[in-house]
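Presented below is the structure to which this report refers.
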Amino acid sequence: MFNALECAYGAHVVNDGQRADKAYSFTRRELRDAWVAAGPADTTAPGYREVLSARHPAIRKAHFVDDGDSLGWQVLAERRIDNSPALRQHRAILLYDWPDTAHPRWVATAKEAEIVSWAKATEVAALS
């Protein structure tokens, strides 16, 4: 597992063990690294993200560790859409708040033609 922490008030704020930070665990390093890189670069910014080992006190003290894979896939899907003119035309429908957690993974990994075809059909159905 690959762990990361999202610091609610920046990396330098410690609340005597009562931190409002969120710990995440990812099954793939690329998902964790993409999610961390999409966060603020300023360590004092709210929402700053950092890579931490499972042994780090912040991870060990966390009340629970959330599954971060869907967050990582979301970042990779957004990057792919932003880098593709064909996908960018359907950004709204592709990044809609779909309840299926596999959707961002599909957008990040499926063939572009398959995604465009699905997006066009979904947009037509939504207008009907």
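The values are calculated or read from the model by the stated rules, or taken from the named source; none is laboratory data. Computed from a prediction, not measured in an experiment: that's the story for all the values here. We place every Cβ from the backbone using ideal geometry, glycine too, and count neighbours over all the protein chains shown. Surface accessibility is based on the protein's heavy atoms, side chains included, excluding ligands, DNA and RNA. Shrake-Rupley method; radii C 1.70, N 1.55, O 1.52, S 1.80 Å.
Below are the figures for this structure:
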quantity	calculated
Members of the range 82-128 found to be among the hydroxyl-bearing types (Ser, Thr, Tyr) and open to solvent by 80 Å² or more (accessible area, probe 1.4 Å), listed by number	96, 101, 109, 128
Tally of residues being surrounded by 14 or more Cβ atoms within 10 Å (Cβ to Cβ) and more than 13 Å from the chain's Cα centre (by Cα) across the range 4-21	8
Those residues of the range 4-60 which are more than 26 Å from residue 106 (Cα to Cα) and among the β-branched types (Val, Ile, Thr), in sequence order	13, 14, 43, 44, 59
Filtered residue count, the range 85-111, keeping only those that are under 9 Å from residue 73 (Cβ atoms) and small (Gly, Ala, Ser)	2
Residue list for the range 40-64, filter: surrounded by fewer than 17 Cβ atoms within 10 Å (Cβ to Cβ) and either touching a strand residue (DSSP E or B) at 6+ places or on another chain (Cβ under 6 Å) or small (Gly, Ala, Ser) (or both)	40, 41, 45, 47, 50, 51, 53, 54
